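First comes the structure, then the notes that go with it.
The values are calculated or read from the model by the stated rules, or taken from the named source; none is laboratory data. Predicted model only: the values in this text are computed from it and were never measured. Neighbour counts are summed over all protein chains in view; Cβ atoms, including those assigned to glycine, are modelled from backbone coordinates with ideal geometry.
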């Protein structure tokens with residue numbers, strides 16, 4: 001599979017939902033497969049909070065492929081033999097698109113906290129601008145999970161004629177207090193960390209030793225991505241190391257897992273980007289800008305394929321069902337699948353064999 | 001209702017599960033009602049993580065009564081007209097019983113991190129010592145929710161002849177990884193806070209400005225005490241203050257609630273006590289010291305009344321059901337009630353009118 005990684009530069013302004021303008025801006029993106037002549041084989045992939053445009057394939061020297069490599073590739077659910085797949089990095093990210101640590105033009109200083117708040121609507125507007133610049137004005141499908149699913153749904157509502165179908169996994173119609181509360185841990189832990197310096201940390205400050213505040217916030221994140229059942233299965237009550245059970249800081253296996261993963265994450269992910277992307281998730285509400293959720297949903301012309309996971313403790317199946325019921329009542333074309341899984345929210349990343357058939361069928365529909 | 005608040009001093013050693021000894025030690029406790037001549041009207045109350053021996057009644061000048069005031073009092077589910085109710089403060093606490101900030105005898109310096117790890121088994125052993133010192137060698141009932149429910153269950157297993165009945169609410173048979181993960185946020189946030197000084201903070205350091213790390217950890221706690229449904233009902237997606245939706249640090253109502261409650265808590269609760277009590281919760285496992293959970297449960301001679309809450313996201317109804325099924329199979333006298341509630345784990349504190357009838361019936365049984 002051919003992987004092409006690029007960054008597109010835009011000197012045109014990006015008009016944000018807040019009324020502010022981002023100019024210039026860049027979008028990092030990756031493509032797999034070939035664009036056909038009719039330009040009608042495009043699938044757009046949208047990533048989640050911690051993701052990037054590296055959705056599939058293996059970079060030279062890497063051991064770990066892109067985050068949805070099980071779904072995207074030759075002969076896979078999203079088949080790159082017949083499709084031209086474009087995965088873009090959201091604005092606000094720290095992986096190549098313009099974000100809070102990018103230069104605030106015309107200075108060479110980062111925006112930091114002067115970066116404008118971006119929303120899911122802004123993310124997809126930027127993506128649309130990218131596709132327009134590539135001469136793509138219509139896509140076969142938009143696919144995403146979690147925050148990626150929010151983007152897919154928002155596309156369907158805001159640009160009803162743009163995609164033939166959207167496939168949204170493990171998402172919702174509006175972020176609930178429950179999720180905002182989980183995100184709050186990260187917001188407070190980052191802000192209160194002295195090394196965050198109110199956002200004025202030096203570039204590259206956390207490459208060696210990640211920001212503890214981000215790691216702490218990420219613990220709460222991991223809880224919400226797993227589930228009681230998946231934790232039972234993964235960790236049980238296993239105790240690790242040579243410390244005895246009666247050492248105050250002796251650790252259960254689940255604790256070691258959380259430490260390891262969150263420490264790694266805090267060296268890789270920029271804390272300001274985390275704050276901005278979390279804000280975009282918190283403010284997500286499909287009905288904003290429309291009279292009601294019903295009004296927003298009614299605009300959709302694409303086929304909508306919704307996939308939820310029974311063990312998802314972040315965005316519960318009932319939330320996707322709520323959308324499905326509205327589509328049903330309106331007679332809008334859609335499918336709804338609840339995948340049985342104990343992997344929690346993360347199932348959309350790890351239980352691909354349980355839903356790639358649904359994705360394949362949707363593409364052929 | 002007559003409230004008596006006392007502290008009992010013990011110069012006898014408390015032998016801990018870890019093999020260590022706590023000596024001397026103190027237990028703060030409160031009593032309501034009168035001990036009858038036969039000494040057979042005693043009900044022991046056990047508190048949860050953030051609780052204390054002040055379970056009921058109003059202190060002079062206070063606005064807020066004890067944490068289970070709705071359940072304990074004249075004519076209430078736990079009727080102080082006919083019962084002598086004793087609520088004790090667990091060892092490790094910061095509210096009067098010996099804990100990590102108590103003087104490490106014979107010095108006048110606090111134990112701090114030299115305080116021994118205490119377990120639920122240790123907590124009830126201390127309580128038993130207190131009751132013995134009061135001449136009480138048998139009780140009518142032991143009642144507690146959450147960590148208090150763990151204590152009640154542990155009493156039933158470790159001292160089968162001690163109580164006629166135990167009533168455990170919103171608890172479990174062994175703490176699962178899910179709960180340990182929530183607690184992990186607090187452990188890391190406290191340890192990483194520079195003002196914690198590795199446990200060497202001055203006494204009273206947080207009376208004015210609470211430890212941020214404890215407040216952050218407590219955010220995760222509050223998430224686990226509530227539920228998606230209770231948050232929808234309490235907060236929805238309401239946005240507060242004069243900051244607009246597009247201010248990075250503008251807040252949703254749920255965020256304000258979390259800030260307010262956790263900041264208050266961090267001024268009142270000692271962070272070392274929090275670490276120790278959380279450790280006691282993490283290590284809770286009814287089967288430790290016995291061949292199996294079945295073996296532990298089989299020891300029980302008391303009537304066991306289990307009450308779970310349908311919306312509890314910390315200790316799920318299925319965990320209490322698991323105990324009930326074992327009792328059922330063994331033919332041991334018990335009742336199991338799942339209370340329908342959207343209040344999450346906190347239901348055991350706030351939905352008293354939904355279960356006080358069960359408590360009353362259990363007492364009369």
Kindly provide the set of residues from segment A:327-354 that are crowded, with 19+ Cβ neighbours inside 10 Å and assigned to a helix (DSSP H, G or I), ordered by number. A:327, A:344, A:345, A:346, A:347, A:348, A:349
For residue A:92: the one exception among (1) within 14 Å of chain B (Cβ to nearest Cβ); (2) farther than 30 Å from residue A:352 by Cα; (3) under 20 Å from the mean Cα position of the chain (by Cα): (2)
Among the residues of segment B:221-247 satisfying the criterion of being in contact with a helix residue (DSSP H, G or I) (Cβ under 6 Å, 6 or more places away or on another chain), facing chain A (nearest Cβ under 8 Å) and in a loop (DSSP other than H, G, I, E, B), which is surrounded by the most Cβ atoms within 10 Å (Cβ to Cβ)? B:226
Of the residues A:186, A:170, which is touching a residue at least 24 places away in the same chain (Cβ under 8 Å) and in the same structural domain as residue A:261 (by TED's automatic domain parsing)? A:186
For the condition under 18 Å from the mean Cα position of the chain (by Cα) and surrounded by 20 or more Cβ atoms within 10 Å (Cβ to Cβ), what is the one hit in A:77, A:99? A:99
What number goes with the only condition from (1) assigned by TED's automatic domain parsing to the domain that holds residue B:348; (2) in contact with a helix residue (DSSP H, G or I) (Cβ under 8 Å, 6 or more places away or on another chain) that residue B:252 does not pass? (1)
So residue A:279 clears everything in (1) farther than 18 Å from residue B:186 by Cβ; (2) surrounded by 22 or more Cβ atoms within 10 Å (Cβ to Cβ); (3) at the interface with chain B (Cβ under 7 Å from one of its Cβ atoms); (4) in contact with a helix residue (DSSP H, G or I) (Cβ under 7 Å, 6 or more places away or on another chain) except one condition, right? Which one? (4)
Might you check whether a residue that is part of a strand (DSSP E or B) and surrounded by 13 or more Cβ atoms within 10 Å (Cβ to Cβ) occurs anywhere in segment B:58-69? no
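Would you mind finding the one in B:152, B:163, B:174, B:170 that is farther than 19 Å from residue B:332 by Cα, surrounded by 24 or more Cβ atoms within 10 Å (Cβ to Cβ) and touching a helix residue (DSSP H, G or I) at 6+ places or on another chain (Cβ under 9 Å)? Give the steps one after another, and end with the answer.
On the way: B:152 fails: farther than 19 Å from residue B:332 by Cα; B:163 fails: farther than 19 Å from residue B:332 by Cα; B:174 fails: surrounded by 24 or more Cβ atoms within 10 Å (Cβ to Cβ).
Every option except B:170 fails the conditions.
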Could you check segment B:189-220 and list, in sequence order, the residues that are closer than 16 Å to residue A:191 by Cβ, at the interface with another protein chain (Cβ under 9 Å from one of its Cβ atoms) and over 18 Å from the mean Cα position of the chain (by Cα)? B:189, B:192, B:193, B:194, B:212, B:213, B:215, B:216
Residue check, residue B:35 modelled with pLDDT of 95 or more, touching a helix residue (DSSP H, G or I) at 6+ places or on another chain (Cβ under 8 Å) and in a loop (DSSP other than H, G, I, E, B): no
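Can we say residue B:293 is modelled with pLDDT of 95 or more, in contact with a strand residue (DSSP E or B) (Cβ under 9 Å, 6 or more places away or on another chain) and more than 8 Å from every other protein chain (Cβ to nearest Cβ)? Even if it seems obvious, please write down each step before you answer.
On the way: modelled with pLDDT of 95 or more: yes; in contact with a strand residue (DSSP E or B) (Cβ under 9 Å, 6 or more places away or on another chain): yes; more than 8 Å from every other protein chain (Cβ to nearest Cβ): yes.
Yes, satisfied.
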Would you tally the residues in segment B:294-321 being surrounded by fewer than 21 Cβ atoms within 10 Å (Cβ to Cβ) and closer than 15 Å to residue B:156 by Cβ? 6
Residue under evaluation residue A:36, criteria (1) surrounded by 13 or more Cβ atoms within 10 Å (Cβ to Cβ); (2) in contact (Cβ under 8 Å) with a residue 40 or more places away in the chain, criterion not met: (1)
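Please determine, by comparing only the residues of segment A:6-26 that are in contact with a strand residue (DSSP E or B) (Cβ under 8 Å, 6 or more places away or on another chain) and either surrounded by fewer than 16 Cβ atoms within 10 Å (Cβ to Cβ) or without any contact (Cβ under 8 Å) to a residue 40 or more places away in the chain (or both), which one is nearest to residue A:288 (Cα to Cα). Break it down into steps so the answer makes sense when it comes.
Within segment A:6-26, the first condition is being in contact with a strand residue (DSSP E or B) (Cβ under 8 Å, 6 or more places away or on another chain), and the residues that meet it are A:6-10, A:13-16, A:21-26.
From what's left, either surrounded by fewer than 16 Cβ atoms within 10 Å (Cβ to Cβ) or without any contact (Cβ under 8 Å) to a residue 40 or more places away in the chain (or both): A:6-7, A:9, A:13, A:15, A:21, A:23-24.
Values: A:6: 32, A:7: 30, A:9: 29, A:13: 22, A:15: 17, A:21: 19, A:23: 24, A:24: 26 Å.
Only one residue fits best here, namely A:15.
Out of the residues in segment B:304-326 that are in contact with a helix residue (DSSP H, G or I) (Cβ under 8 Å, 6 or more places away or on another chain) and assigned to a helix (DSSP H, G or I), state the one that is nearest to the other protein chains (Cβ to nearest Cβ). Let's see the steps before the verdict.
In the first step, residues of segment B:304-326 are kept if they are in contact with a helix residue (DSSP H, G or I) (Cβ under 8 Å, 6 or more places away or on another chain); the result is B:304-316, B:323, B:326.
Cutting the leftovers down to assigned to a helix (DSSP H, G or I) gives us B:323, B:326.
On the way: B:323: 16, B:326: 18 Å.
The qualifying residue nearest to the other protein chains (Cβ to nearest Cβ) is B:323.
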Subset of segment A:39-57, residues in a loop (DSSP other than H, G, I, E, B) and under 16 Å from the mean Cα position of the chain (by Cα), comes to A:47, A:48, A:49, A:50, A:51, A:52, A:53, A:54, A:55, A:56
